[in-house]
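The values are calculated or read from the model by the stated rules, or taken from the named source; none is laboratory data. Everything numeric in this text was worked out from a predicted model, so none of it was measured. Neighbour counts run over all protein chains shown; Cβ positions are idealised from the backbone, glycine included.
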Amino acid sequence: MKLAALGNVSPYRLAQGHSLYRIQRPTVTGAALGRGPLHLAPIGAMSGRFDLAKLPCAYLAEAPGTALYEAVFRREATGVSVAGLLQLRELLAIQTLAEFVLADLRPHATAWPVLQSLRFSETQQLADDVHQAGFDGIIYCSAQHFAQACVVLFNPDAAAMKALWRVALANAAGAVNKWVADAATHSLVPLVP
């Protein structure tokens, strides 16, 4: 999918001082990349909707719950393992230290359902066009949490963000945090050992 197919895509200015949230492993493992407080998938993994082939991408949400629905309590989930997943992840809150200019895809979500589909080759091609057009990333509608927004930052600079706080999704005893409890309750996805 080409950016031109959408017609007019407005820039969205994500201001300095904006808070964003993501679910990630607490430490960088394997081929993953560390960018400041962010632990990102390896370059070229192409596992995310708007991934670029040659640059790392950071997926974030505008609310803690949205981050959980996007990464853990997805609509296709039938159960979430406390020991196998939740105890191995954290909820990270960051604050932007610079302005990011994002392509705003939210107004196009109704006319272009592909923007929320699993046809990643189409949306990854779009992300490449957006990057080539000079945008720092994309703001888009969450596919997992109605009326909520997510952001992908292309090749984020470690100096452009700082960690505000981080919290484990579940402790060693298996107790989950408030955000996880709420997401499990509202998604009706059961927690399993």
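Consider only pairs whose beta carbons are under 9 Å apart and that are at least six residues apart or on different chains; among these, list those whose first residue lies in the stretch 9-26 and is touching a residue at least 24 places away in the same chain (Cβ under 8 Å) and whose second residue is assigned to a loop (DSSP other than H, G, I, E, B) and among the small types (Gly, Ala, Ser). From residues that are touching a residue at least 24 places away in the same chain (Cβ under 8 Å), the pairs are VAL9/ALA133; GLN16/ALA98; TYR21/ALA63; GLN24/ALA32; ARG25/ALA32. One residue alone among ALA133, ALA111, ALA98 is surrounded by fewer than 19 Cβ atoms within 10 Å (Cβ to Cβ), within 21 Å of LEU40 (Cβ to Cβ) and aliphatic (A, V, I, L, M), and that residue is ALA98. The residues of the stretch 79-101 that are farther than 25 Å from ASN171 by Cα and either at pLDDT below 95 or polar (S, T, N, Q) (or both) amount to a single one, THR96. Restricting to the stretch 74-83, name every residue that is within 19 Å of the chain's Cα centre (by Cα), surrounded by fewer than 22 Cβ atoms within 10 Å (Cβ to Cβ) and either assigned to a helix (DSSP H, G or I) or touching a residue at least 24 places away in the same chain (Cβ under 8 Å) (or both). Within the stretch 74-83, ARG74, ARG75, ALA77 qualify.
On the basis of being of a type outside the set (S, T, N, Q), exposed (fewer than 13 other Cβ atoms within 10 Å of the Cβ) and free of Cβ contacts under 8 Å to residues at least 12 places away in the same chain, does ALA163 make the cut? Criteria not met by ALA163. With respect to (1) in contact (Cβ under 8 Å) with a residue 60 or more places away in the chain; (2) closer than 22 Å to ALA168 by Cβ, the lone exception for VAL114 is condition (2).
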